[in-house]
Amino acid sequence: MDSREITMEKIVSLCKRRGFVFQSSEIYGGQAGAWDYGPVGIELKKNIQNAWWKEMTQLHDNIVGLDAAILMHPRVWEASGHVANFSDPLVDCKQCKMRFRADTMDQAALAAKKCPNCGGELTEPRAFNLMFKTHIGPAEDSASVVYLRPETAQGIYVNYKNIIQSNRMKVPFGIAQVGKAFRNEIVTKNFIFRTCEFEQMEMQFFVKPGEDDKWFEYWREQRWSFYKKYGIHMEKLRWYHHEKLAHYAKDAYDIEYEFPMGFQELEGVHNRTNFDLTRHTEFSGKDMQYIDQDNGNEKYIPYIIETSAGLTRNLLMFLCDAYEEQNVAAAGAPEDYRTVLHFHPKIAPVTVAILPLMKKDGLAELAQEIRAELQEEFVTDYDQSGTIGKRYRRQDEIGTPFCITVDHDTKEDGTVTIRFRDSMEQIRVPRSELVSRLHQEIKNYKRG
Ligand code: GAP
């Protein structure tokens, strides 16, 4: 079966049409850099988050979770280096007022100080800090400044001693967190790829200095395997090794995905050394050393291996990777394209749709009864309007892996049809075996 090219426009249009993602404040003309997740979008986002959470915490017995506040003491961001260093170099056109990032714009135009848009004169590059600044309390003075966190990682570092003490953690161990982060990004094109408000899934792994290289390799391997487990096209992923390192890093790799606009960063794996905890020791005056009670109370500041993935960027990646416009016409017949999202069943927003062949003859009631049996186990949908073919297509578009059709035979012999999204094959199974059969199909799922 042949398929058509994927473009970002097609993804954006499907997202709006089917309720994955809407433009923020659309009725007011939209808010740049912010997006809203609709009914199936939030299910998809939660499933990705849950898959990550399970992988990082439940499948690693030395990793625990945390949910720190978005607003933190402003000294945190001085210690982390964000106040001084978290900036983009910007130039403005004095004539047309357009703004460009000096590091990513046409370098010949930058050298000539000529605007790539209108040829006008450009200003000198200025450092533009990406943190959103606001005030807490009634007075808008410098004493009341707080920042919206630009990464979730710092909430983990400032809680590292609390977690050692409350949960008796021993190095090596990790802390995982999922939450909102905010950056005043200048360029927010490509839909939800780069936004001002987004979500991160970060894990900080605390290790003994000298063992950091070994754990760095371990976490690179683990994060790569995660995407394989959830059926991502592995040929669309690649590693990018950073040559220019951030101020805190000893080594850094990104996992990049081939989005419709080309290969772009999906997740970073960083060796942050003892930079963060050392700085928090200096700025807070609190001792951040780990005391190794199993080794004669040896003291050291742990090194940190960080895995940092964008949740909302992962959602875009899962959508792009699942998307297919597939010609399902029989040989020789005119082309007939269906849009289908091949999500892994554990990622799909809806797992099972229950469809009565027709509303009458008691089939709708019977289908509702079957839905009630499945609801505790799976996320379900129910649809009784339109032809069965149209209803299958609607479910394909949101990536529902299984449709259950209830027909007259169901009344007679208690069997139902399972229709598989990817192969479009149909099989008949007894209603009593449905729950176990679906669990088995989810467990054994392999993307075709
Ligand atoms: N704690 C390290 C850190 O924040 P980062 O490379 O700046 O590192 C990590 O961000 C991940 O967060 C990125 O790989 C990306 O998936 C996501 N991310 C960063 N900025 C983003 C933005 N403006 N919009 C959406 N996702 C973003």
Between helix 434-443 and the chain, what is the angle of the helix's C-alpha long axis to the longest principal axis, kept within 0 to 90° and rounded to the nearest 10? 40 degrees
Identify which of 109, 69, 367 has the largest mean-square fluctuation in a Gaussian network model of the chain, with springs joining Cα atoms closer than 10 Å. 109
With θ set to phi - 60°, apply the Karplus curve 6.51 cos²θ - 1.76 cosθ + 1.60 along the range 350-356 and write out the HN-Hα couplings as whole Hz, x wherever there is a Gly or Pro. 10, 8, 9, 10, 10, 10, x
Calculate the length of the line joining the C-alpha centroid of the range 239-255 to that of the range 69-121, in whole Å. 21 Å
Of 113/250; 46/228; 45/446, pairs whose Cα-Cα distance is over 24 Å: 113/250
From the residues 137, 264, 234, which one has its Cα farthest along the dipole of the chain in the positive direction, the dipole being from +1 and -1 charges on Cβ of Lys/Arg and Asp/Glu about the Cα centre? 137
With no other cysteine's Cβ closer than 4.7 Å, which Cys residues of the chain count as lacking a disulfide-compatible partner? 15, 196, 320, 403
Using a 1.4 Å probe, what is the accessible area per residue for the range 147-296, in Å²? 44 Å²
Carbon and sulfur atoms account, in whole percent of the 1.4 Å probe accessible area of the range 1-142, for 52 percent
Counting only heavy atoms of the protein chains, get the accessible area per residue of the range 350-444 (1.4 Å probe) and round it to a whole Å² value. 48 Å²
Difference of contour (0.36 nm per residue) and Cα-Cα distance, residue 131 to residue 294: 54.6 nm
Relative to the longest principal axis of the C-alpha atoms of the chain, give the angle of the C-alpha long axis of helix 275-284, reported between 0 and 90° and rounded to the nearest 10°. 60 degrees
For the chain, the longest principal axis of the Cα atoms and the Cα long axis of helix 388-398 enclose an angle in degrees, to the nearest 10, of 10 degrees
Pick out which of 208, 250, 97 has the largest mean-square fluctuation in a Gaussian network model of the chain, springs linking Cα atoms closer than 10 Å. 97
Ignoring ligands, DNA and RNA, please state the percent of accessible area on the range 350-444 from carbon and sulfur, probe 1.4 Å. 47 percent
Residue by residue through the range 327-332, the couplings from Karplus 6.51 cos²θ - 1.76 cosθ + 1.60 with θ = phi - 60°, in Hz, x for Gly and Pro, are 7, 10, 5, 5, 3, x
Under 5 Å from the placed amide H of residue 199, counting only residues 5+ away or on other chains, we find 181, 311, 312, 313
Please list the non-local residues whose amide H lies under 5 Å from the amide H of residue 232, H modeled 1.01 Å from N, same-chain partners needing a gap of 5 or more. none
Gain on full stretching of the segment that runs from residue 433 to residue 26 - 0.36 nm per residue minus C-alpha separation: 142.0 nm
Scan of the chain for GluC sites (Glu not before Pro) in DSSP loops with at most 15 other beta-carbon atoms within 10 Å gives a longest site-free stretch of 6-139
Which chymotrypsin sites (Phe, Trp or Tyr not before Pro) in the range 193-231 pass both tests, a DSSP loop state and at most 12 other beta-carbon atoms within 10 Å? none
For the range 164-225, which whole percent of the accessible surface, found with a 1.4 angstrom probe, sits on carbon and sulfur atoms? 44 percent
For the range 219-285, Kirkwood radius (reciprocal of mean inverse C-alpha pair distance, Å): 13.6 Å
Under a 5 Å amide H to amide H cut-off, with H placed in plane at 1.01 Å, what residues pair with residue 131 once short-range neighbours are removed? 184
Taking +1 at the Cβ of each Lys and Arg and -1 at the Cβ of each Asp and Glu, which of 423, 367, 352 sits farthest along the dipole of the range 350-444 towards its positive end, judged by Cα position relative to the Cα centre? 423
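The values are calculated or read from the model by the stated rules, or taken from the named source; none is laboratory data. Computed from a prediction, not measured in an experiment: that's the story for all the values here. Positions of Cβ are backbone-derived with ideal geometry, glycine not excepted, and every protein chain shown enters the neighbour counts. Accessible surface is based on the protein model in full, side chains and every heavy atom, while ligands, DNA and RNA are left aside. Shrake-Rupley method; radii C 1.70, N 1.55, O 1.52, S 1.80 Å.
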